[in-house]
Amino acid sequence: MIRPRGGDFCYDDDEFEAMLYDIKVISLFQAIGIVLSAIQDIDTLPVLHQLCHSLKVEGVVFGVLLPDGSMDKTRVKKLVDAAQPMQVTFHRAFDMVKDPFQALEDIIEIGGIQRILTSGCERSAYEGLDMLVELSKRANGRIIIMPGAGITDRNVNKIVSAMNAKEVHVGAGGTMESKMEFRNPYCSMGYAISAPEYSLKVTSESKLGGMIQKF
């Protein structure tokens, strides 16, 4: 994901330049990795080769909006151009636009963007299902509408069936108890009081497996 900070998706010049720079760096390492993979004797460049291999990125995810709630076509086009030939996904900045149907057409018009990740402009994909269905109809195969946010093994079938989704974005989050035996009761990391230092966030194999089976 190419995102310089949390919060909204209206970026100043420095933030946008950081996004552009990150994509260019990723693209550069992709190109170097391809060249090194074609060289038989790479013993002289083991560190660089390993780094390039580890940065083998299939695609990038980003979104940029204007203050009026429309999609920033100029900046998004620059990011898309810099990302080629990687895949591009316009992320849930889409859910914060003023007119999702116009944003859909704007994204398609730019070209080079394979999918839109969206909850249907609601807190969850289940709540935004009507919008997701309409977006899928209007997209009409020109771009993938990928539902995401709050998708579980209990609602994934309904969402996928309603909009004939070929891809979904899921978290399948769970927790794992820390192995720490000594636990300082007087200190916590971060601003929250009694933050769960000893409850680790992980991907739940059972949740993910259940959704894969239903999908």
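The values are calculated or read from the model by the stated rules, or taken from the named source; none is laboratory data. The structure displayed is predicted, hence computed values, not measured ones. Cβ: placed from backbone, ideal geometry, glycine included. Neighbour counts: every protein chain shown. Quick note on the areas: whole protein, heavy atoms, side chains included, nothing else; ligands and nucleic acids left out. Shrake-Rupley method; radii C 1.70, N 1.55, O 1.52, S 1.80 Å.
What are the residues in segment 117-141 that are part of a helix (DSSP H, G or I) and either within 15 Å of residue 105 (Cα to Cα) or open to solvent by 40 Å² or more (accessible area, probe 1.4 Å) (or both), if any? Working first, answer last.
Pass one, segment 117-141, residues part of a helix (DSSP H, G or I): 129-139.
Hits for segment 117-141 are 130, 131, 132, 134, 135, 136, 137, 138, 139.
Being assigned to a helix (DSSP H, G or I), modelled with pLDDT under 90 and surrounded by fewer than 10 Cβ atoms within 10 Å (Cβ to Cβ) is true for just one of 47, 25. Which residue is that?
Details: 25 fails: surrounded by fewer than 10 Cβ atoms within 10 Å (Cβ to Cβ).
Among 47, 25, only 47 is assigned to a helix (DSSP H, G or I), modelled with pLDDT under 90 and surrounded by fewer than 10 Cβ atoms within 10 Å (Cβ to Cβ).
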What are the pairs, 6+ residues apart or on separate chains, where a residue within segment 48-69 that is at negative phi has its Cβ under 6 Å from a residue that is exposed (fewer than 14 other Cβ atoms within 10 Å of the Cβ) and modelled with pLDDT of 90 or more? 61/1
Which number in (1) in a loop (DSSP other than H, G, I, E, B); (2) open to solvent by less than 60 Å² (accessible area, probe 1.4 Å); (3) free of Cβ contacts under 8 Å to residues at least 12 places away in the same chain marks the one condition that residue 189 misses? (2)
Conditions (1) open to solvent by 50 Å² or more (accessible area, probe 1.4 Å); (2) touching a Gly at 6+ places or on another chain (Cβ under 7 Å); (3) over 26 Å from residue 72 (Cα atoms); (4) not β-branched (Val, Ile, Thr); number of the one not met by residue 204: (1)
